[in-house]
1. Applying the Karplus parametrisation 6.51 cos²θ - 1.76 cosθ + 1.60 with θ = phi - 60° to the phi angles of segment 180-185, what ³J(HN,Hα) value in whole Hz is obtained for each residue in order, glycine and proline being reported as x?
2. Once amide H atoms are placed 1.01 Å from N in the peptide plane, what residues at a sequence separation of 5 or more from residue 88, or on another chain, have their amide H within under 5 Å of its amide H?
3. Length gain on complete extension for the stretch residue 189 to residue 42, per 0.36 nm per residue less the alpha carbon to alpha carbon distance?
4. When only DSSP loop residues count, what trypsin sites (Lys or Arg not before Pro) in segment 158-199 have their Cβ near at most 15 other Cβ atoms within 10 Å?
5. Spin-label point model (7 Å from Cα, Cβ direction): what's the residue 101 to residue 168 distance in nm?
Amino acid sequence: AKHVLWMLESAASCTVELRGLVEKASVEIRLSDPSHPDHDESGRLDTYVQEDTTTNLQGMEYEYQVTFATSKVKDLLRRGRKAHAELFVLSISTVARGPNKESAVVTLKVNGDIEFQQTFWFAVGKKMDGSIMIMETPSKEYSTDKYDEIFRNSFPLSKIDAFVRCLSAPTITVTLGKDVPMMMQYLLEGGIDPETQYIRFLVAAVQDED
């Protein structure tokens, strides 16, 4: 498929098992919720393989994490729909502010009959795993400085809009990396632990024709 979309790893723990058979394979997904130990779910896709060797599924490595107000993202997507935009473009640029200190500008853009753009000014921090966490700052005092672009990619607007349009969560976290799908995540209503109580949506980048 042109875009591979997975909506896995909610409050449940998840295992993915790929079994290779003669000219065919089964992909089995099992979901279990620790808060409901008497219930689990599973699904299986029978497909095929082109070689006999075993294929190992590797985890995806992400480099950047940004949190946006859901209302801002919804507003941009609404404008994009009305302008018949097809792509949702996200870029990140940073500038050094001294030893171990950086600032970032994050731009969201849709370009259809009319181009709309939202710009956010952030401070930059490091997570425990070494990835970059981009945190909102209350002002845009660094807006005139020269920033170096460190990330840019385009994503299908219709796929993102279908996921975001029905959200009631006040914020949505976007996680990004090279050669991996963009991951959008929000905390489940009533949830208090963002590490276990969430819904995630993955959407692959597309080639920007511009």
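1. Once θ is set to phi - 60°, the couplings for segment 180-185 become 9, x, 6, 10, 10, 9 Hz.
2. Under 5 Å from the amide H of residue 88: 155, 157.
3. Values: separation 147, 0.36 × 147 = 52.92 nm, distance 2.41 nm.
Stretched out fully, the residue 189 to residue 42 stretch lengthens by 50.5 nm.
4. Numbers: sites: 159, 165, 178; in loops: 165, 178.
Passing sites in segment 158-199 are 165, 178.
5. Here the modelled spin labels are 4.2 nm apart.
Read-outs throughout are calculated quantities, based only on the coordinates presented, and are distinct from any laboratory measurement. Note that the structure is predicted; figures quoted are calculated from it, not measured. Here Cβ is always computed from backbone atoms with ideal geometry, including for glycine, and neighbour counts include all displayed protein chains.
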